[in-house]
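Heads up: the structure comes next, in structure tokens.
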Amino acid sequence: MFILSKKTRIKKLKLGKELKKSRRIPVLAVVRTHRRLQSNLFGRNWRRTKLRIKDE
């Protein structure tokens, strides 16, 4: 059996988790909190900021 993917299952899970963390804040959340929530702290630019995920 050949493994075609280079990423391990653990790495894929971590990448998925980072992706979910970096999602933008819904407009409704901004409106409801009277703009207290304006930007996501975990947001990152995928072009500039690389993820340093150790492969286990």
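Read-outs: derived from the displayed coordinates by stated rules, not from any lab. Keep in mind that what you see is a predicted model, and the values were worked out from it rather than measured. Note: ideal-geometry Cβ built from the backbone for every residue, glycine included; neighbour counts use all protein chains shown.
Could you give me the residue pairs with C-beta distances under 9 Å whose first residue belongs to segment 12-24 and is over 12 Å from R44 (Cα atoms), whose second residue is among the hydroxyl-bearing types (S, T, Y) wherever it lies, and which are 6+ apart or on separate chains?
That search, which allows pairs on different chains as well, returns K12/S5.
Would you call I53 touching a Lys or Arg at 6+ places or on another chain (Cβ under 6 Å) and part of a loop (DSSP other than H, G, I, E, B)?
Criteria met by I53.
Which one is surrounded by the most Cβ atoms within 10 Å (Cβ to Cβ) among residues in segment 20-47 that are touching a helix residue (DSSP H, G or I) at 6+ places or on another chain (Cβ under 8 Å) and hydrophobic (A, V, I, L, M, F, W, C)?
L37
Might you let me know whether segment 2-19 holds any residue that is within 19 Å of the chain's Cα centre (by Cα), loosely packed, with under 11 Cβ neighbours inside 10 Å, assigned to a loop (DSSP other than H, G, I, E, B) and not basic (K, R)?
Checked segment 2-19: no residue is within 19 Å of the chain's Cα centre (by Cα), loosely packed, with under 11 Cβ neighbours inside 10 Å, assigned to a loop (DSSP other than H, G, I, E, B) and not basic (K, R).
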